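Have a look at the structure below before the remarks.
The values are calculated or read from the model by the stated rules, or taken from the named source; none is laboratory data. Predicted, not measured: the structure shown is a model, and the values here were computed from it. Cβ placement follows ideal geometry from the backbone for every residue including glycine, while neighbour counts extend to all protein chains displayed. To get the accessible areas, we keep the full protein, side chains included, count just its heavy atoms, and leave off ligands, DNA and RNA. Shrake-Rupley method; radii C 1.70, N 1.55, O 1.52, S 1.80 Å.
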Amino acid sequence: MTKTYRWVTKKSLNEDFVEEVRKRFNLKYFIAKTIVNRGYDDLNKINEYLNPNLSMLYDPFLLDGIKESVLIIKEHINKNNKITIYGDYDVDGITSTSILYRTLKKLGANVDFYIPDRLQEGYGINSDAINRIHESGTNLIITVDCGITSIKEVSMAKSYGMDIIITDHHQVPDILPNALCIINPHIKDSKYPFKDLSGVGVAFKLCSALIDEEALEYLDIVSIGTIADIVPLTSENRIIVKEGLKRLITTKNKGLRALIKVSGLENMVINTHHVGFILAPRLNAAGRLKSAISCVKLLTTEDENEANKIANYLNNENTLRQELEKKILDEAIMQVENNIDLSTEKFIVLYSNNWHPGIIGIVSSRITEIYSRPSILISVQDGIGKGSGRSIKGFNIYESLKYSSEYLIKYGGHEMAAGITIKSENIEAFKEKINNYANDCLNDVDLVPIIEIESHIKDEKINADAVKQINLLEPFGNGNVAPIYSIDNLVIKNISTVKGNRHLKLCAHKDGVDYDIIAFDMGSEINKLKVNDLIDVAGYIKINEWNNVEQIEVIAKDIKIKERNIEYFKNLLKTMMDLQDVQIKDICCNNMIDMRGISDKNEYVLKTFKSDEDVAVIVNTRFQLQKLLKYLKRNNFFDYKLSQGEIYEQRVIFWNINNANLINRFKNILFYDIPFNAKMFYNILAQNNGDVKIHLLFGDNDLLSNFKDLKEILPRRSDFVKIYKNISKNSNDILFKDQIYSKFNINTVKVLYCIKVLNETGLINVKESDNIFVLGRNNMDEKIDLQENENLKSIYVAKDNFLKFANTILKIKFKEETA
């Protein structure tokens, strides 16, 4: 709520097909819509999506080069030649190395592995490593998760007489290394049906080709690498992860069992979140800080004591990584707050001599998340900086580096993440250059983080079965993200904070269902909410089970406080402004029934409703409407309709109307309270030719209800001050019109009027587009008197006119019109 989000709701691609999917698979409408909006446009594909199984995996021999690789590998095994697997230090590389190592061991191979050092060697094959591998007596190198661009290193290996097979999943260059075989689904003209395998996914295909279905026992390891590498969880990846997660619960891998135990996940149903945020970081920690070799040993050992020892070591390394990450993050935030002008710098560039190069990528992600703009953090050692950057949706960080490349030694990456090497003396010039690019590409709205809403749940009931249907869409990850839904029109029952006031906890209800809502890191927002507030909640819907009781839980990304009766107040403002040119006049009317000041007008309405004639009751204020509806309910009378427009019923309560023609067919017209709309009042009286009975039920006491509603839209000095102070001094504020009430806790109609006045007086500048305001404070040399503003004057003139009108119809003695 403090952080502004742009809620973007996905549009239904095909409403008719959504309905067909709902019926065919017996799903909630919002679930069917989610599936269709994810590109599933065929019932058979949807069935496969909802029910993935191992029989849907593609034949590994469809991959180019795999048949030849199997023959070469088996030939080397038969000759007892040494085989070295060349891996990578990230989780994808670690798991790739581990499953291929276990497979070759199963086949009786003389096998070793090599993992480059992240800090000393970096990613991919390098010449020094080739020398060491050659000196170890290796005859065959098999790369996993790397090698597709290593033209020079492959030639070097071959010059030493070593065979080399490349397995990789990265994009292929125009010129390929001269390896014996290359297995990569991106190879030109490849017939393999699925291109988005991870490195461990490709390695798994090679293992399957070597040992057939025995390779399935490694799916627990394969799923970890697939999740950690953030490849799309669609098609084969979806099957691999779904089946692999099942196996993780009862894994026989001693290393995984030990890692799960030290991570606090023992006896739990492990999902993609647990892997991505708990298990994978522990496997990554060793490679970030020291060496990832221990991780391969963990996943390949058969010694339980060794497994426990390594798992504890990785857990400790991860704790150290977290401490370093927090230290760097705190320093980075301090740099931003003290040294960065966010009003002019849309790309955050930070650097330090004290930052660990293996941690800065994680911290860059956090900086980008916190400040909603691309960032690069640079670790400087001996005059050379190594940087890692992350981007926001819609900004290609690789292209920005390309634009600024004159200041870089080297760079690489893709749209959302990148790395650089730079001389320290060029950092400031690079910072200026890349910000020029960012300023040309990004506007203020682009820097507002987006929440993508799958669907607004308005009328459908959310129960345990509905949440279980959401779970059918698992596993969640890249390409199949956990869906965020907006549950609309919840009413708050309880508000509290947890974890030392850090997190906000709500209980809200709707349609007889209670929802527990937890909003992480939003505890400071507690004073903005109150019991009975109407809210929309954007978040993840889950089942929380405690003591065998299932409760619907929403993990909130954002909460929008909804203003009740917003259309009423818009109409009220329009009505008030029309009062500026209304002439207050004496009233002549036939068939007038003057019941002004009646002691029990509710009883009078009920009695009139129970007659056989058509009855229209006109109600103008919120309080009076609630009072009447409660009375009728208490007396068990429901034979009427509440309407704001044209309706053909015998008994109608008209609420907030401006059109006298809506009621000209009724024989009885009851003015329940003091109308705001003088024109409509006079028109109804003027149109009466004697065959309609007009009942006046309002009295002096009703005026309080009118003033209460008027107060909601009449700007006061304190309103202007609050709005003005909530606009930033030195930067532009993005304000979404549907979030005005949440931001200011002031009636939206009033805020819009105040913004108009502040803009006209020059105190603020306003840019308006669709649903968005961009607001900024102006520096003023002289004091501004708001009371001189014509718009502000006009609304108070309208208020005075209403008072004259109200006093007239309260006090005037009506006379019947004569011929």
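Estimate the FRET efficiency between Lys499 and Gln687 by the formula 1/(1 + (r/R0)^6), using the beta-carbon distance for r and 56 Å for R0, to the nearest 0.05.
On the way: r = 64 Å, r/R0 = 1.15.
Efficiency computed from Cβ-Cβ geometry: 0.30.
State the percent of C-alpha pairs, over all pairs in the chain, separated by a distance greater than 51 angstrom.
That fraction is 33 percent.
Using 1/(1 + (r/R0)^6) with R0 = 45 angstrom and r between the beta carbons of His414 and Asn791, what's the FRET efficiency to the nearest 0.05?
0.30
Quick one: which of 226-232, 255-261 comes out on top by average Cβ neighbours within 10 Å, and what's the full order, highest first?
Values: 226-232: 24.6, 255-261: 22.0.
So the order, starting with the most tightly packed, is 226-232, 255-261.
Would you kindly compute the Cα radius of gyration of region 347-441 and its largest Cα-Cα separation (Dmax), both in Å?
11.7, 35
Ignoring ligands, DNA and RNA, what percent of the accessible area of region 582-709 is carbon or sulfur (1.4 Å)?
On region 582-709, the fraction of accessible area on carbon and sulfur atoms equals 45 percent.
In Å, what is the Rg of the alpha-carbon atoms in region 484-529, and how long is Dmax?
10.9, 32
Could you give the length gained on full extension between Glu337 and Glu649, defined as 0.36 nm per residue of separation minus the Cα-Cα distance, in nm?
Taking 0.36 nm per residue and subtracting the Cα distance, the gain is 106.0 nm.
So which trypsin sites (Lys or Arg not before Pro) in region 448-537 pass both tests, a DSSP loop state and at most 16 other Cβ atoms within 10 Å of the Cβ?
Those that pass, being in a loop and sparsely packed, are Lys458, Lys461, Lys499, Arg502, Lys530.
Can you list, largest first and rounded to whole Å, the semi-axes you get for region 715-788 by taking the square root of 5 times each eigenvalue of its Cα gyration tensor?
The answer is 18, 15, 11 Å, longest axis first.
Output the Kirkwood hydrodynamic radius of region 488-588, Cα pairs only, in Å rounded to one decimal.
On the way: mean 1/r = 0.0623 Å⁻¹.
Computed over Cα pairs of region 488-588, the Kirkwood hydrodynamic radius comes out at 16.0 Å.
Sorted by accessible area with a 1.4 angstrom probe, largest first, how do Ile487, Ile784 fall?
Details: Ile487 0, Ile784 50 Å².
Greatest to least solvent exposure: Ile784, Ile487.
Where does region 182-332 land on Rg/Rh, using Cα atoms and the Kirkwood Rh?
Details: Rg = 16.3 Å, Rh = 16.4 Å.
Radius of gyration relative to Kirkwood radius: 1.00.
Note the full-extension length gain between Ser405 and Glu613 as 0.36 nm times their separation in residues minus their Cα-Cα distance, in nm to one decimal. Don't skip to the answer; put the middle values down first.
Numbers: separation 208, 0.36 × 208 = 74.88 nm, distance 8.31 nm.
Extending this stretch completely gives an extra 66.6 nm.
Give the span of region 513-566's Cα atoms along each principal axis, as three whole-Å numbers ordered largest to smallest.
Its Cα atoms span 41, 25, 18 Å along the three principal axes.
Quote the Stokes-Einstein diffusion coefficient, in whole µm² s⁻¹, for region 582-709, based on the Kirkwood radius over alpha carbon pairs, a temperature of 4 °C and a viscosity of 1.567 mPa s.
Working: Rh = 14.8 Å.
Estimated diffusion coefficient is 88 µm²/s.
Find the accessible area per residue for region 582-709; the probe is 1.4 Å, ligands and nucleic acids are left out, and the unit is Å².
48 Å²
Would you mind checking the radius of gyration and Dmax of region 502-648 based on alpha-carbon positions, in Å?
Considering region 502-648 through its Cα atoms, Rg and Dmax are 22.9, 72 Å.
Would you list the P(r) distribution for region 25-126, with all Cα-Cα distances sorted into 10 Å bins from 0 and each bin expressed as a whole %?
Reading upward from the zero bin: 12, 26, 24, 19, 16, 4, 0.
How much area per residue is accessible in region 55-317 when the probe is 1.4 Å and only protein heavy atoms are counted (Å²)? Spell out each step's value before the answer.
Numbers: 10500 Å² over 263 residues.
Counting only protein heavy atoms, the per-residue value for region 55-317 is 40 Å².
Ignoring ligands, DNA and RNA, what percent of the accessible area of region 55-317 is carbon or sulfur (1.4 Å)?
The computed percentage sits at 48.
Leaving ligands, DNA and RNA out of it, rank Phe720, Phe113 by accessible area with a 1.4 Å probe, largest first.
Highest to lowest solvent-accessible surface, that is Phe113, Phe720.
For region 11-107, which GluC sites (Glu not before Pro) pass both filters: DSSP loop (anything but H, G, I, E, B) and at most 11 other C-beta atoms within 10 Å?
Values: sites: Glu15, Glu19, Glu20, Glu48, Glu68, Glu75; in loops: none.
Passing both the DSSP loop test and the Cβ count: no residue.
Can you tell me, using C-alpha contacts under 8 Å and at least 6 residues apart, the relative contact order of the chain as a whole percent?
Rounded, it is 9 percent for the chain.
Remind me, what semi-axes does region 648-700 give for its equivalent ellipsoid, largest first in whole Å, using sqrt of 5 times each Cα gyration tensor eigenvalue?
They are 16, 13, 12 Å, listed from largest to smallest.
Using 0.36 nm times the number of residues separating Ile812 and Lys195, minus their current alpha carbon distance, what extension gain do you get?
Stretched fully, the Ile812-Lys195 segment lengthens by 213.8 nm.
From zero up to wherever the largest Cα-Cα distance of region 55-317 sits, split into 5 Å bins and tell me the percent of pairs in each.
1, 6, 14, 19, 20, 17, 12, 7, 2, 0, 0
Enter the accessible area of Phe277 (Å², nearest 10), with the probe set to 1.4 Å and all protein chains included.
150 Å²
Percent relative contact order of region 715-788, based on C-alpha pairs within less than 8 angstrom and at least six residues apart?
37 percent
Which residues does the label zone of Gln322 cover in region 265-297, counting backbone N under 19 Å from a point 7 Å along Cα→Cβ?
Of the residues in region 265-297, 265-268, 270-290 have backbone N under 19 Å from the label point off Gln322.
With the other protein chains left in place, how much accessible area per residue, in square angstrom, belongs to region 715-788 at a 1.4 angstrom probe?
In whole numbers, region 715-788 has 55 Å² accessible per residue.
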